[in-house]
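The values are calculated or read from the model by the stated rules, or taken from the named source; none is laboratory data. Just so it is clear, the structure is predicted and the values come from calculations on it, not from any experiment. Methodologically, a virtual Cβ is constructed for each residue, glycine included, from the backbone with ideal geometry; neighbour enumeration extends over all protein chains shown.
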Amino acid sequence: MDDDKDILNLFKDTLEEDGYKVVAVSTGRDAVTRAQEEQIHVAILDIIMHDVTGDSVAFELKRINELIKIIFISGYSRIQDSINALNLGVSEILIKPVTAEELLHAVKLAILTPPIPK
């Protein structure tokens, strides 16, 4: 989920080229709706969006599916974002600009890491 269409399409293309099925959305509402409609294993969320924050979307996604892995993407490196991410069980925080290698590595690591029991 990213409100920047160029980044959204770049991430989508990168992941699909590596064999992943991708659901690309540009709003928090759409991310939550899609997670209710189908099984999402990893969600890549921009922390700061026009309509909502990434941590609020992550909270909703975890409520829908506690096993979902979350990767935050941000143009900013703030300590509070890291603290919030840890409290939500976020797998990774990537700082923009994100390379294809960083994105793919974060997704593979999220998929391979077993869920943390509550």
Considering region 22-61 alone, what residues qualify as being free of Cβ contacts under 8 Å to residues at least 12 places away in the same chain and of a type in the set (D, E, K, R)? Arg34, Glu37
Flag if Phe59 is closer than 24 Å to Glu101 by Cβ and of a type in the set (Phe, Trp, Tyr): no
Looking only at region 49-62, which residues are crowded, with 17+ Cβ neighbours inside 10 Å and either part of a strand (DSSP E or B) or within 12 Å of the chain's Cα centre (by Cα) (or both)? Gly54, Asp55, Val57, Ala58, Leu61, Lys62
Can you run down the residue pairs with Cβ atoms below 8 Å, 6 or more apart or on separate chains, where the first is in region 64-76 and surrounded by fewer than 20 Cβ atoms within 10 Å (Cβ to Cβ) and the partner is of a type in the set (Gly, Ala, Ser)? Ile64/Ala35; Asn65/Ala35; Ser74/Gly54
So the check is Cβ under 8 Å with 6+ separation or different chains; which pairs have a first residue in region 101-115 that's over 11 Å from Lys69 (Cα atoms) and a second one that's of a type in the set (S, T, N, Q) and modelled with pLDDT under 95? none
Within region 11-21, take every residue that is part of a loop (DSSP other than H, G, I, E, B) and in contact (Cβ under 8 Å) with a residue 40 or more places away in the chain and give me the one that is farthest from Glu101 (Cα to Cα). Tyr20
Could you tell me how many of the residues in region 25-53 are of a type in the set (A, V, I, L, M) and either over 21 Å from Leu67 (Cβ atoms) or touching a His at 6+ places or on another chain (Cβ under 6 Å) (or both)? 4
Please tell me if Leu8 is modelled with pLDDT of 95 or more, out of contact with any Gly (no Cβ under 9 Å at 6 or more places or on another chain), in a helix (DSSP H, G or I) and over 17 Å from Lys62 (Cα atoms). no
With (1) at pLDDT 90 or above; (2) part of a helix (DSSP H, G or I) as the list, and Leu45 as the residue in question, which single condition is left unmet? (2)
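Conditions tested, residue by residue: (1) under 20 Å from Gly89 (Cα atoms); (2) out of contact with any Leu (no Cβ under 9 Å at 6 or more places or on another chain).
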site: Leu8; (1), (2): no, yes
site: Lys12; (1), (2): no, yes
site: Glu16; (1), (2): no, yes
site: Thr27; (1), (2): no, yes
site: Ala31; (1), (2): yes, no
site: Gln36; (1), (2): yes, yes
site: Gln39; (1), (2): yes, yes
site: Ile44; (1), (2): yes, no
site: Gly54; (1), (2): yes, no
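Residues are listed down the side, and each one gets a yes or a no for (1) small (Gly, Ala, Ser); (2) modelled with pLDDT of 95 or more; (3) in contact with a Gly (Cβ under 7 Å, 6 or more places away or on another chain):
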residue	(1), (2), (3)
Val22	no, yes, no
Leu67	no, no, no
Ser77	yes, no, no
Ala85	yes, no, no
Gly89	yes, no, no
Lys108	no, yes, no
